[in-house]
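For reference, the structure is listed below as structure tokens.
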Amino acid sequence: MGAPKENGRVRELIPRQDIERRVTEIAAEIDRDYAESGAESGPATAGTEPLICVGVLKGSVFFLVDLLKQIKRPVAVDFLQTSSYGAGTSPGEVRLRKDLDLPIRGRDVLLVEDIVDTGHTLQTVLALLQLRGARSVRLCALLDKWEARQVPVRIDYCGFRIANEFVVGYGLDFAERFRNLPYVGVWEPSE
Ligand code: PRP
């Protein structure tokens, strides 16, 4: 989807309560899965190896914070940032703007994203994390705009599948606006 027109309004698509309910469900699923896969789980205690949760700046931050507050197993938090489709880049080319601070070799990594759209960003980032020698890498995305996919991406934990519309709110922006909306909405340009 191209950049939307400047004037318009936001139509609510996924209400705050639906997001909260889904975040709680996904957190429980993550706790259950990592306990079953042999990774240490349970309440935060010294000596247990944290699951490294990586947010892709900036859009994932709102989802990441809400999700992690509901995960009971120990976690470590890190961030990376990519840029794409900018001046001097070809379509689908993704560049790393901010790298991880933590080493991830031999560790379980959970990548947390607000949305998977064409898939280029996540395909690149997932490959990078594998290359760094992570023991496992899973992807958790709040939104799956599946009709827009150009390259395949496996989403292990998905909040909602949505249509190919320009969405804002709960971390997602239109020219940096609307990230702090507590719900996800569709940007509807004026006629
Ligand atoms: C969005 C989103 C993903 C990426 C998905 O980030 O957070 O990182 O686009 O798109 P793709 O599947 O087509 O690669 P964006 O580059 O808009 O940055 P932001 O999170 O800072 O808004």
Counting only residues 5 or more places away or on other chains, whose amide H sits under 5 Å from the amide H of ALA76 once H atoms are built in the peptide plane? LEU51, ILE52, CYS53
Report, by chain and number, residues whose modeled amide H sits under 5 Å from the one on LEU172, excluding near sequence neighbours (fewer than 5 apart, same chain). none
Which whole-Hz ³J(HN,Hα) couplings does region 110-122 yield from phi under the Karplus relation 6.51 cos²θ - 1.76 cosθ + 1.60, θ = phi - 60°, glycine and proline marked x? 10, 8, 10, 10, 7, 8, 10, 10, 5, x, 4, 4, 5
Multiplying the sequence separation of ARG9 and GLN81 by 0.36 nm and subtracting their Cα-Cα distance, what value in nm do you get? 23.1 nm
In a Gaussian network model over the chain where Cα atoms closer than 10 Å are linked, find which of SER84, SER37, SER60 has the largest mean-square fluctuation. SER37
Mind checking the log10 I(q)/I(0) for region 52-122 at q = 0.11, 0.17, 0.25, 0.26 Å⁻¹? Debye, one equal scatterer per Cα, no solvent, two decimals. -0.30, -0.67, -1.19, -1.24
Answer with one residue from VAL61, LEU128, PHE166: the one whose Cα lies farthest towards the positive end of the charge dipole of the chain, charges on Cβ with Lys, Arg +1 and Asp, Glu -1. LEU128
Paramagnetic label zone (point 7 Å from Cα along Cα-to-C-beta, ARG95; backbone N under 20 Å) in region 119-152: 119-129
Towards the positive end of the charge dipole of the chain, with charges on Cβ (+1 Lys, Arg; -1 Asp, Glu), say which of GLY92, LEU80, VAL153 has the farthest Cα. LEU80
State to the nearest 20 debye the size of the charge dipole of the chain about its Cα centre, where the only charges are +1 on K and R beta carbons and -1 on D and E beta carbons. 280
With a 1.4 Å probe and all protein chains left in place, how much accessible area per residue does the chain have, in Å²? 51
Taking all protein chains as present, what is the carbon and sulfur share of the accessible area of region 101-191, in % to the nearest whole number, probe 1.4 Å? 50
Kirkwood Rh in Å, taken over region 134-191 so that all alpha-carbon pairs contribute: 13.0
Assuming 1.002 mPa s and 20 °C, estimate D for the chain with Stokes-Einstein, Rh taken as the Kirkwood radius over Cα pairs, in µm²/s. 124
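The values are calculated or read from the model by the stated rules, or taken from the named source; none is laboratory data. Since the structure is predicted, the reported quantities are computational estimates derived from the model, not experimental observations. A quick note on method: Cβ atoms are made from the backbone with ideal geometry, for glycine too, and the neighbour counts reach across all protein chains shown. Please note that ligands, DNA and RNA were not included when accessible areas were found on the heavy atoms of the full protein model with its side chains. Shrake-Rupley method; radii C 1.70, N 1.55, O 1.52, S 1.80 Å.
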